[in-house]
Amino acid sequence: MAAKFDFRVFGFQLLLVASLPFLNGCVGAAIGAGASVATAASEERGLNAAARDLAIRTKINALWLDHNDTLLTSADVLISEGRVLLTGSVPTQKMRGDAVRLAWKASGVKEVINEIQVTPSEGTSGFARDGWITTKLKTRLTLDSQVVSINYAIDTVGGTVYLMGIAQDAAELARVRNHARQIPYVRRIVSHVIMKNDPRRQVNQAKKK
């Protein structure tokens, strides 16, 4: 009889591979991978869902790379329980459509939200500023004891902050949005966060049982 596929093991393996380029030495790799797994396990979506999301992201990136490597440098993927949010800025409408079409090919995708912009690149300075905004917001959320920051994924494109993930309640999400609003250079906030008790999550969890 075939062995049952264990998403926990798969998740550990994926997280281990993902952490290797950023760690020095075998000990550092082991510690870093262990910390990543522990972090994923403490998320609202759980370790199995985190592993599935990582597998989806890996597949989408591979599809993009095989089709047009510019997609990897121009667009990004945020995923929460199979809900895929595409962000970034590409030069043509066709490339935007290709990114969505290819994302749907990844097994396990339940929804694709297309927020990719068709605009000229703002250059290195714009990219650096967006990265600074994202880092600043992540830090603010981490330091806020009333926000479970681990449940949020963030990306910034042209001063627009995109939020993805799971909020404990409306009050928590309001705090997250308020933190983003207070950061310099933020032009707009777009949230695709769903509530912890959202019926869509309950349906997904029931299907997994």
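Evaluating residue 129 against the criteria (1) within 27 Å of residue 75 (Cβ to Cβ); (2) touching an Asp or Glu at 6+ places or on another chain (Cβ under 9 Å); (3) not in a helix (DSSP H, G or I) leaves one unmet condition, (3). Considering only residues in the stretch 178-192 that are of a type outside the set (A, V, I, L, M, F, W, C) and closer than 16 Å to residue 115 by Cβ, the one that is surrounded by the most Cβ atoms within 10 Å (Cβ to Cβ) turns out to be 192. Here the stretch 121-151 is the region considered, the condition is being of a type in the set (D, E, K, R) and free of Cβ contacts under 8 Å to residues at least 40 places away in the same chain, and the residue that is farthest from residue 195 (Cα to Cα) is 122. Of all the residues in the stretch 91-109, those that are modelled with pLDDT under 95 and within 20 Å of residue 192 (Cβ to Cβ) number 0. For the stretch 134-177, the candidate set comprises residues that are in a helix (DSSP H, G or I) and touching a His at 6+ places or on another chain (Cβ under 8 Å); within that set, the residue that is farthest from residue 114 (Cα to Cα) is 140. Of the residues 40, 50, 29, 35, the single one that is in contact with a Ser or Thr (Cβ under 8 Å, 6 or more places away or on another chain), at pLDDT below 95 and small (Gly, Ala, Ser) is 29. Within the stretch 67-86, take every residue that is farther than 19 Å from residue 160 by Cβ and either touching a Cys at 6+ places or on another chain (Cβ under 9 Å) or of a type in the set (Asp, Glu) (or both) and give me the one that is modelled with the lowest pLDDT. Filtering first and then ranking leaves 69.
The values are calculated or read from the model by the stated rules, or taken from the named source; none is laboratory data. Note that the structure is predicted; figures quoted are calculated from it, not measured. Glycine also receives a Cβ, built like all others from the backbone with ideal geometry; neighbour counts cover every protein chain displayed.
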